[in-house]
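The values are calculated or read from the model by the stated rules, or taken from the named source; none is laboratory data. The model shown is predicted, which means the values in this text are computed figures rather than measured ones. Reconstructed Cβ throughout: ideal geometry from the backbone, glycine too, with neighbour counts over all protein chains shown. Note: areas computed on protein heavy atoms with side chains; ligands, DNA, RNA excluded. Shrake-Rupley method; radii C 1.70, N 1.55, O 1.52, S 1.80 Å.
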Amino acid sequence: MTTTLDRTAPRDLAAELPARLSLTPKTTLAGQLDGAWWPYSRDLAAEIPPLAAALEEPWGRITRVTVSPTRWPVIPHTVSVSGKTVHVGWFTEQDPDKLILLSYTVGRWDLLVVPPETEPAAAARLMAAAAIPGSALTAGVLMANEAAVGRGIRDARRREATWEGEGGACMSPFGYPIDGTGGDRRGAVSASARVGPRAGTDVRGGRVPHADVVGGHP
């Protein structure tokens, strides 16, 4: 699949908006990820400055960022952040859905990158899952799991829409139309069918012996 530059958030707007982050709490548990980042676009030159600025207090000054070229159509060599230079690199073998950040003084952090076009509900699930301390789930696994969840939700919505479109909202649980009073019209029909003709009355209009009536007496 070809990745195109997302222009839903212009560069100036993306640079001004606060970074959307979900970080794992400080713990001794080591996991695959240190949290998640939900950028507004695929423009690294616009997205890295607010991200690095937001992480400077908890993680220190970010000096290098690495990405996979699969998800980022344009990868600048450097980005200026508050007058300092952040170097940007790429590795084809890096998980496409992961961003790696490095600092000279503190260390390395791995963040799940939530696609910019992700719906808020799905983004919230991904960011929460990526911030679980000690989780063994990789970025790729989290994205695959969310894709499965999304398919399930869409299938359920389609079934519901089909059910309502076919009159399901006006059907009884047994699949029969509901009359104006909320009852099952089939029930009334079935009951009358079970009763049959009145005792002593021939179906052709004549009389029959009482002994022939079901449940009667000679």
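Net charge of the neighbourhood of residue 52, taken over other residues with C-beta under 9 Å away and scored Lys/Arg +1, Asp/Glu -1, is +1.
For the stretch 1-160, which whole percent of the accessible surface, found with a 1.4 angstrom probe, sits on carbon and sulfur atoms?
Values: 4850 of 8750 Å².
The value for the stretch 1-160 is 55 percent carbon and sulfur by accessible area.
Of the whole protein surface, residue 125 contributes about 90 Å² of accessible area at a 1.4 Å probe radius.
Mind ranking 98, 26, 84 by accessible surface for me, highest first, 1.4 Å probe?
On the way: 98 40, 26 200, 84 105 Å².
Ranked from most to least accessible, the order is 26, 84, 98.
The heavy atoms of residue 71 offer some 60 square angstrom of accessible surface to a 1.4 angstrom probe. Of 87, 77, the order by accessible heavy-atom surface (1.4 Å probe, DNA, RNA and ligands excluded), from most exposed downward, is 77, 87. Think of a 1.4 Å ball rolled over the protein heavy atoms: the stretch 40-125 then has 47 Å² of accessible area per residue.
Here the calculated FRET efficiency for residue 90 and residue 155, from their Cβ-Cβ distance with R0 = 35 Å, stands at 0.45, rounded to the nearest 0.05.
Projecting the Cα atoms of 59, 74, 100 onto the charge dipole of the stretch 59-101, computed from C-beta unit charges around the Cα centre, puts 59 farthest toward the positive end.
Accessible surface ranking for 99, 21, 1.4 angstrom probe, highest first: 21, 99. What residues have an amide H closer than 5 Å to that of residue 90, excluding those fewer than 5 places away on the same chain, when H is modeled at 1.01 Å from N in the peptide plane? Answer set, sorted by chain and number: 67. In this rough spin-label picture, where each label sits 7 Å from Cα along the Cβ direction, the residue 27-residue 61 distance is 3.2 nm.
Working out 0.36 nm times the residue gap between residue 78 and residue 162, then minus their Cα-Cα distance, what length gain in nm do you get to one decimal? Spell out each step's value before the answer.
Working: separation 84, 0.36 × 84 = 30.24 nm, distance 5.18 nm.
Difference between extended and current length: 25.1 nm.
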